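The values are calculated or read from the model by the stated rules, or taken from the named source; none is laboratory data. The model shown is predicted, which means the values in this text are computed figures rather than measured ones. Positions of Cβ are backbone-derived with ideal geometry, glycine not excepted, and every protein chain shown enters the neighbour counts. In case anyone asks, the SASA skips ligands and DNA or RNA and just uses the protein heavy atoms, side chains included. Shrake-Rupley method; radii C 1.70, N 1.55, O 1.52, S 1.80 Å.
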Amino acid sequence: MVEQQTNSTTTPPQSTPPTTTTPSGATGAYALATDKKALKVKNLISTTREVDKHPLNSTTAVNNTTANATAKKSTSTTTPTITGQSIDVNESPLSKTETLNPLMNSTTPGSSDQIGQHLTNYVDETFMPWDTFKPQILQQYTTDPSNRIQVSFMDIGSSGKVKIPMNRLNKILEELELDKNEKEGENSQNDLIFDLETLHSELVKAWKVEERVRSLKIAIQTSKLLADVSLIKFYPSKFVIATEILDTFGNFVYDRIKKRLQSSKESKTHEILLKEQAKETCRNWFSKISSIRELLPRLYVEISILKCYEFISDDHNTEPKQVINRLINQIRGIGNPLVQNYIRAYLARRSFDLCPEYKVFIIQGLKDFVFSQKYFESVQKEQLLKQYQITLTEYLGLYSPSLEWLLQCLAHNGSAEILEEVLSIFRESKNALLLNHIISSFPPDYICNNSTMFSNFIKEADQISYPKYQLYCTFGINLVLGHPPKEQILSILNDVWKVVTNFENLKDYISVAEVFIEYVLTHCSNKEADIFLKDILRHIIPDKGYEQIQSHLQSIVLKILTHIQDFNILIGLSNFLPILDLFNGESQKQISRSTLEVLSQTSQITSDPIVVNTFLTYGKALHDSLNSLSYQDEVRQVSLLIIGCINKIDFQRDVEKQLNFYVDCRQAFNNFDSVKNRLVHCVLSLCQRTLGLVKGKHTTKSTAFIRACIAYCFITIPSIDDIFMKLNLYLTSAGIALQNHALSQADALLKALVTFIQEIPPILEFKQVKSTEEWTYQFMGNLISLLLVTPGHPENGPFYLIKALQKVLKDYPWERSSSAKSRIYLLIMSLCSTWAQKSLPYHIERVESNDTLFTEDPDFQSELNEFYNGLVKDVLADINVLKDEPDLSTQKKMILLCLDLINTLLSVGELNSKTCSLIFNLFNMSKKSIPSTSFSELNYLKSTLTYIGTLDSKLSKELYQKLQQV
């Protein structure tokens, strides 16, 4: 095939000059040999979470080396009364973790080590740690959604430095002491965050200088901030930030007492005394906290140091479970149900350090929550919503983080009895908010195995505390994640959908459908999926409701495309394509891309008109979504995607339909060069397929079809911007046209190719500056190989194309130091030598080349020799130009060009006196110019001389003797 044959030239290798026959005679000019016998011519064209610490702690473990070094430093620099490590005021105590949680680096055997190990064994990868909750809460609960909450001592990598104006802390503390009615005005969210950062910084400073009372006072004032719900939408985030400060305080206290116990092993004489002193310190802290007058700060501060009860657990009424029960009962005394529920969550979080398996108090807390909600609904609901200007849904949503944490602690490794007791609380209260978090916290398989029960619960739940559609969404997620009994799969879906399909609010309906479509795709057949899509269409088409729910529809379609990878199955869903037609804007772009990805990955070849129409429709939409400002990488990805889809469409023997498809593709994707390049290659492959179908003998009908295909290429190629791609396509198309006997079209393609050569840029500037000389030289070799078998023009003669090429090469803006033009001329000289033979070394079947058309014409030989002489003179002119250039690289090019010309003259021309004289001069110039260190050039020179010595003619032997004397 011509495609394979255009990859080589007839130039002999430099190091091994080709053999030649003895010339028939000598003339007075450079002449081509016409009786060459052996011309060498090449063919034409889980991670799993490793719990090395308790996940609820705000600190993280560090290596023991750092911790020990810090401890030694602290021991040597602090006074005897301070047993804790020193703390840098400019560093957040949350980031310097080796000083905060001694359970991480303690080597003393005892209850604390056992608790730490117990926590590690108790939690697993299904338990979501508090550190995961924090960023979600800070992002969601804010008075200004456009302004991201940033806290200096909570950001990873933050130094924790806070610039505090003079007396700022005192002002904060004074304001907190004042009654709300005496304040000048309420603080904004940013003010509160700054105040909390200030309190954290001052707490670190106070503890560093051993001001324990001041540290306690700061913890108390931080707790008081949690009694204020004036910025109610910000309250969950404020809870996260404030409890982070309380955690820091609690860890400081725990660390100090722990150090006293650790120091007991250093002096066994006073071991008992030191242990008693440590216990006394612990009792002293709890005594101070118990004297706090207000209930809320007293509870928060005591909970913050709850871990310290492990040191005095043998005292009366200090057993951890008893303490937790006392605290959960005292929380009832807090009046605001929102504040009340968040302190329950804090108690659950801190008590996890002591006894994570203890869950009874959480049950009691949930009962108290339900009771407070009933009271709230009957007495304060309207007044509170009006005061804070929020809806009931927004208000109840503020409870979600605290309830979610409580129920996670309860459900994790919870027994069946515990779970049943939680359900009994719902049965009594019918609280929808509680039910939502029960469903989200319980194991999915438990929900699936009791799906009928939970479906009934949702129907029974009140519609005040939580929207029913969100309950169904949460329920559906668990059904997708779990494994419902096979016999209940359809009954569950029907039971749910009897309610959902009657939702009047379209967004409520589509939110549930968005979740349950995955349930249908995962557990049901394609028939049920199609019925489900039909119900969706029935709801969203009236009044163009789909325009308001584009994101939901996009999610539904993406889930379908994820689960069904076979495009033929997709189009078999009668209601799938109608949904695709409802998209617009950015959603249409994303859906189009996802749809084409599925088609491009389909293993089967298709000619289905529905598939073809779908591809053209969504491919066109994706094409039109990009423009000149789009990223090149995105254009490249989309182009590859479209090409992949084009490759999947094949009409087999119906080549006319195949060509029409390519015409439609060209119209749809006219801005993508790589797609047009692929289309041209596809059309050329179609020509070759047709040639195979007619077994190399075109009929009238097939000839017309081939001309249509070549015309397609001739029209398409000029629209491509990439000049290199364009020239390669012209060359390939001309070769295919010749093979299919479309001679006039091949001639037109070659003329266009020669014209566009002058548009090749001398250099490319992409990432780095690079010359295009080598590419041009290689391409010219391929072109000249094709021109060898291309028949001459009946009117313009056999050489009009090669002469036009020579003219274009002369006019091309070559660099002054370039030898590429002359190297191409040497290729043309080899072409002339081949044309001078009576028979060409290869032909295209059923195409008459110049050896048949013009060889017997005497004018052909004389014109060919004249053209050959002109080429030699042009090469010599370039050698003279290169000789005058001083730089070494140009001199090297000149040497190689001289030796190449010598080998070409010997291989393709007759060896007469003028040729011998020229060879002698070229050889002499080369030898004088080669530096002694240029081994490759010296070897080439020696190889050339050796080759001349192998020639048998008298002139060659004389030449050899003269060259040896040089």
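For this structure, a couple of remarks:
- If the condition is being within 22 Å of the chain's Cα centre (by Cα) and under 23 Å from residue 480 (Cβ atoms), then segment 557-586 contributes 557, 558, 559, 560, 561, 562, 563, 565.
- For segment 551-568, a residue qualifies if it is modelled with pLDDT under 90 and either open to solvent by less than 10 Å² (accessible area, probe 1.4 Å) or in a helix (DSSP H, G or I) (or both), and the qualifying residues are 567, 568.
- Considering segment 503-524, and only residues there that are outside any helix (DSSP H, G or I) and under 18 Å from residue 549 (Cα atoms), the residue that is most open to solvent (accessible area, probe 1.4 Å) turns out to be 504.
- Of all positions in segment 924-935, none carries a residue that is part of a helix (DSSP H, G or I), more than 25 Å from residue 788 (Cβ to Cβ), under 58 Å from the mean Cα position of the chain (by Cα) and β-branched (Val, Ile, Thr).
- Only residues that are acidic (Asp, Glu) and touching a Leu at 6+ places or on another chain (Cβ under 9 Å) were counted in segment 544-597, giving 2.
- Selection within segment 912-939 - open to solvent by 10 Å² or more (accessible area, probe 1.4 Å) and under 30 Å from residue 837 (Cα atoms): 913, 914, 916, 917, 918, 920, 921
- Residue match in segment 811-819 (condition: modelled with pLDDT under 95, assigned to a helix (DSSP H, G or I) and surrounded by 20 or more Cβ atoms within 10 Å (Cβ to Cβ)): no
- Unmet requirement for residue 276, which otherwise passes all of (1) assigned to a helix (DSSP H, G or I); (2) surrounded by fewer than 17 Cβ atoms within 10 Å (Cβ to Cβ); (3) among the charged types (D, E, K, R); (4) touching a helix residue (DSSP H, G or I) at 6+ places or on another chain (Cβ under 9 Å): (4)
- Checklist (1) within 59 Å of the chain's Cα centre (by Cα); (2) in a loop (DSSP other than H, G, I, E, B); (3) among the hydroxyl-bearing types (Ser, Thr, Tyr) applied to residue 904, failing item: (2)
- Single residue of 464, 458 found to be outside the structural domain of residue 431 (by TED's automatic domain parsing), open to solvent by 40 Å² or more (accessible area, probe 1.4 Å) and among the aliphatic types (A, V, I, L, M): 464
- Some residue of segment 326-333 being part of a loop (DSSP other than H, G, I, E, B) and either modelled with pLDDT of 90 or more or open to solvent by less than 10 Å² (accessible area, probe 1.4 Å) (or both): no
- Looking across segment 611-632 at every residue that is of a type in the set (S, T, N, Q) and part of a helix (DSSP H, G or I), the one that is surrounded by the most Cβ atoms within 10 Å (Cβ to Cβ) is identified as 614.
- Any chance residue 446 is open to solvent by less than 20 Å² (accessible area, probe 1.4 Å) and within 40 Å of the chain's Cα centre (by Cα): no
- In summary, residue 683 fulfils each of the numbered conditions (1) modelled with pLDDT of 95 or more; (2) not in a helix (DSSP H, G or I) with the single exception of condition (2).
- Remark: residue 872 falls outside the filter, which requires a residue to be farther than 28 Å from residue 956 by Cβ and surrounded by 13 or more Cβ atoms within 10 Å (Cβ to Cβ).
So that you can scan it fast, the table gives a plain yes or no per residue for (1) of a type outside the set (A, V, I, L, M, F, W, C); (2) more than 20 Å from residue 843 (Cα to Cα); (3) surrounded by fewer than 17 Cβ atoms within 10 Å (Cβ to Cβ):
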| position | (1), (2), (3) |
| --- | --- |
| 667 | yes, yes, yes |
| 710 | no, yes, no |
| 720 | no, yes, no |
| 731 | no, no, no |
| 738 | no, no, no |
| 747 | yes, no, no |
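- Per-region count, segment 415-442, residues in a loop (DSSP other than H, G, I, E, B) and of a type outside the set (A, V, I, L, M, F, W, C): 3
- Residues satisfying the stated conditions in segment 525-550, i.e. open to solvent by 50 Å² or more (accessible area, probe 1.4 Å) and over 13 Å from residue 575 (Cβ atoms): 525, 542, 543, 544, 547, 548
- Test result for residue 885, open to solvent by 30 Å² or more (accessible area, probe 1.4 Å) and more than 22 Å from residue 827 (Cα to Cα): yes
- Extreme residue, least open to solvent (accessible area, probe 1.4 Å), among residues of segment 845-869 that are more than 59 Å from the chain's Cα centre (by Cα) and of a type in the set (A, V, I, L, M): 864
- Taken together, the criteria place residue 879 among residues that are within 22 Å of residue 926 (Cα to Cα) and either among the hydrophobic types (A, V, I, L, M, F, W, C) or surrounded by 18 or more Cβ atoms within 10 Å (Cβ to Cβ) (or both).
- Unique match (being over 49 Å from the mean Cα position of the chain (by Cα), not assigned by TED's automatic domain parsing to the domain that holds residue 388 and not hydrophobic (A, V, I, L, M, F, W, C)) among 259, 275: 275
- Test for residue 587: is it at pLDDT below 90, surrounded by 13 or more Cβ atoms within 10 Å (Cβ to Cβ) and among the small types (Gly, Ala, Ser): yes
- Single residue of segment 492-502 satisfying the filter (in a helix (DSSP H, G or I) and not hydrophobic (A, V, I, L, M, F, W, C)) that is surrounded by the fewest Cβ atoms within 10 Å (Cβ to Cβ): 494
- Among the residues of segment 684-708, the one identified as open to solvent by less than 40 Å² (accessible area, probe 1.4 Å) and on the phi > 0 side of the Ramachandran plot is 696.
- Index of the failed condition, residue 484 passing every other in (1) part of a helix (DSSP H, G or I); (2) open to solvent by less than 50 Å² (accessible area, probe 1.4 Å): (1)
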